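*Asks:* Just dropping this structure here.
Derivation of every value follows stated rules applied to the coordinates shown; laboratory data play no part. This one's a predicted model, so the numbers in the text were calculated from it and none came from an experiment. Using ideal geometry, Cβ is built from the backbone for each residue, glycine included, and neighbour counts are taken over all protein chains shown.
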Amino acid sequence: MGHGALGMGKKQGSREQRGEELLPCPLPLFLSLIPLIFPYPMPNSQIRIYTQKEQGSEWLRRYRGCLPVFACVLGFTETGLIPGISAAGRTPEDRKYTACADAEFLYYGAEHKAQYPLPPLAAGASPVLISRAVFESLKIPVHLFNAGLPQAPAVPVIDLGGTPAKCLSGGNALEITTVHHLLEQGLIWGERLAANIQQGYLIIGECVVGGTTTALAILTGLGIEAAGKVNSSHPVCNHAQKWALVQAGLERMKGDEGDEEDEGDKKVFSPSSPPSLPPDPLNLVAAVGDPMQVVVAGMAIAASRSCGILLAGGTQMLAVYALMSAIAQAYGLSWQPKEVVVGTTRWVAEDSTGATVDLALSLSKGSSTEITATPPLLATVLNFSDSRYPQLRAYEQGFVKEGVGAGAACIAAHLSQDWQQHQLLTAIEAQLERLSLVNY
């Protein structure tokens, strides 16, 4: 409920008109009501905090003025090729190359003649325009990692030796040996990246088409009630389609593990009945995950021991956070949850067709793993209502929303350079203008 909805009802006239004595609102009472009325810390901030507000505010204070390092982990799941599953590319054929195209634009910018051009979208523009605008302007170092793509991107990239995932509905998305290898690579690179960060933080972003569906599968498999709460690149989230795929994949996984008592009496996963015993988290990724998830989990676990971590995304990074906790618990890995926050866009955090905040809160209740706590969920208040480009205004209708670290990039711009809305909009529109000139 927005603050404009407060005090609704039939007007009775002012208190002076009714002869009532006006008493000043006690300041402590007013201050205690602010978090109920406005997102934290205050409505004019460029960053909103939706969960774990004190911890989130402390994290922002700690890293104000610091320039981050950005690591983007590219991955692929054949889930993303299902018709209608994602809007990150107009056709399944387009979506095969989305990660390569985003990586190329992020690294080289608009003027570069791309081997993999940005794919056409039903509406909107790629979120990589937002990320590139910030990283180019602020000269933020970018490291690209290939966790498992069908083809190599045409950019300098660190190949982690992974593979693309098969569709999660089969319950056999990745080889378990690949998952273990990718976790090890994530741990190694997290430590390496953090070693070069002095008193700063690491942003870890992703590009996986269909990744909110694999995220739903991981969350559900860990016993977290996530159905109906995730986001998508569509203006109205395709919850039923996602849930049907997740049910199929988790049932297959359960069947493959020999847990079914009777082939004719298959257990159907429902939002209110997650699996009673959590599987090994790496087996879960192998069954219904994608290669990015385990790499980012390992990277963030290792790097959190010595620097701040901003997980760049919404649904997908909440799933990664849950996975981090489950992996750390199952394999006895040390990490620092207080150093980790999730950062996204307002379009994700306040998506009326999902329930991102509720999903974040769900991590700490009702899950069958002892997840330490809900992470702080942050979002940039970036707004495209006044943009002169219809492709950007489409974000305000719910298209695209997030990707390739877009929300976290804006958070970083505000933290390090105190950028405001107009500076972000100017830089992002300049990217789109340069791209349109090149495409003429």
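*Asks:* If you stretched the chain out fully between Ala195 and Lys166, how much longer would it get, using 0.36 nm times the residue separation minus the C-alpha to C-alpha distance?
*Replies:* 7.0 nm
*Asks:* Applying the Karplus parametrisation 6.51 cos²θ - 1.76 cosθ + 1.60 with θ = phi - 60° to the phi angles of segment 319-328, what ³J(HN,Hα) value in whole Hz is obtained for each residue in order, glycine and proline being reported as x?
*Replies:* Whole-Hz 3J(HN,Hα) from phi for segment 319-328: 5, 4, 4, 4, 5, 3, 5, 5, 5, 4.
*Asks:* Test of understanding: what is the full-extension gain from Arg393 to Cys66, defined as 0.36 nm times their sequence separation minus their Cα-Cα distance?
*Replies:* 114.7 nm
*Asks:* Which of the peptides 305-318, 134-147, 113-126 is most tightly packed, and how do the rest follow, judged by the mean count of other Cβ atoms within 10 Å per residue?
*Replies:* Ranked from most to least packed, the peptides come out as 305-318, 134-147, 113-126.
*Asks:* Another question, then. If you find the alpha carbon centre of segment 91-131 and of segment 279-328, how far apart are they in angstrom?
*Replies:* With segment 91-131 and segment 279-328 each reduced to a Cα centre, they are spaced 25 Å.
*Asks:* Could you list which residues have their amide H under 5 Å from that of Leu382, counting only those 5 or more apart in sequence or on another chain, with H placed in the peptide plane?
*Replies:* It is Arg346, by chain and number.
*Asks:* Same structure, new question: Hey, what did segment 357-432 get for relative contact order, percent, Cα under 8 Å, at least 6 apart?
*Replies:* With pairs under 8 Å counted, the relative contact order is 26 percent.
*Asks:* Then there's this: Check which residues have an amide H placed less than 5 Å from Ile158's amide H, if you skip close sequence neighbours.
*Replies:* Amide H to amide H, under 5 Å and 5 or more residues apart or across chains, Ile158 pairs with Leu144, Phe145, Asn146.
*Asks:* Next question, about the same structure. Thr91 to Ser306: extension gain in nm, 0.36 nm per residue of separation minus the Cα-Cα distance?
*Replies:* 73.2 nm
*Asks:* In whole angstrom, how far apart do the alpha carbon centroids of segment 416-433 and segment 146-214 sit?
*Replies:* Distance between centres, Cα-based: 29 Å.
*Asks:* Go through segment 159-167 residue by residue and turn each phi into a ³J(HN,Hα) via Karplus (6.51, -1.76, 1.60, θ = phi - 60°); whole Hz please, and just put x for glycine and proline.
*Replies:* Here the 3J(HN,Hα) series is 8, 8, x, x, 9, x, 8, 6, 4 Hz.
*Asks:* Each residue of segment 105-111 in order: what ³J(HN,Hα) in whole Hz does its phi give by Karplus 6.51 cos²θ - 1.76 cosθ + 1.60, θ = phi - 60°, with x for Gly and Pro?
*Replies:* Per-residue couplings from phi come out as 5, 4, 7, 9, x, 5, 6 Hz.
*Asks:* What does the charge count around Pro83 come to, taking other residues whose C-beta lies under 15 Å from its C-beta (Lys +1, Arg +1, Asp -1, Glu -1)?
*Replies:* +1
*Asks:* On to the next question. Please sort 344-353, 320-329, 91-100 by packing, taking for each peptide the average over its residues of neighbouring beta carbons within 10 angstrom, highest first.
*Replies:* Ranked from most to least packed, the peptides come out as 320-329, 344-353, 91-100.
*Asks:* Let's test the formula: R0 of 35 Å, r as the Cβ-Cβ distance of Ile188 and Gln115. What FRET efficiency results, to the nearest 0.05?
*Replies:* Rounded to the nearest 0.05, the efficiency is 0.75.
*Asks:* Could you sort the peptides 215-224, 415-424 by per-residue average Cβ neighbour count (10 Å cutoff), highest mean leading?
*Replies:* Top of the packing list down: 215-224, 415-424.
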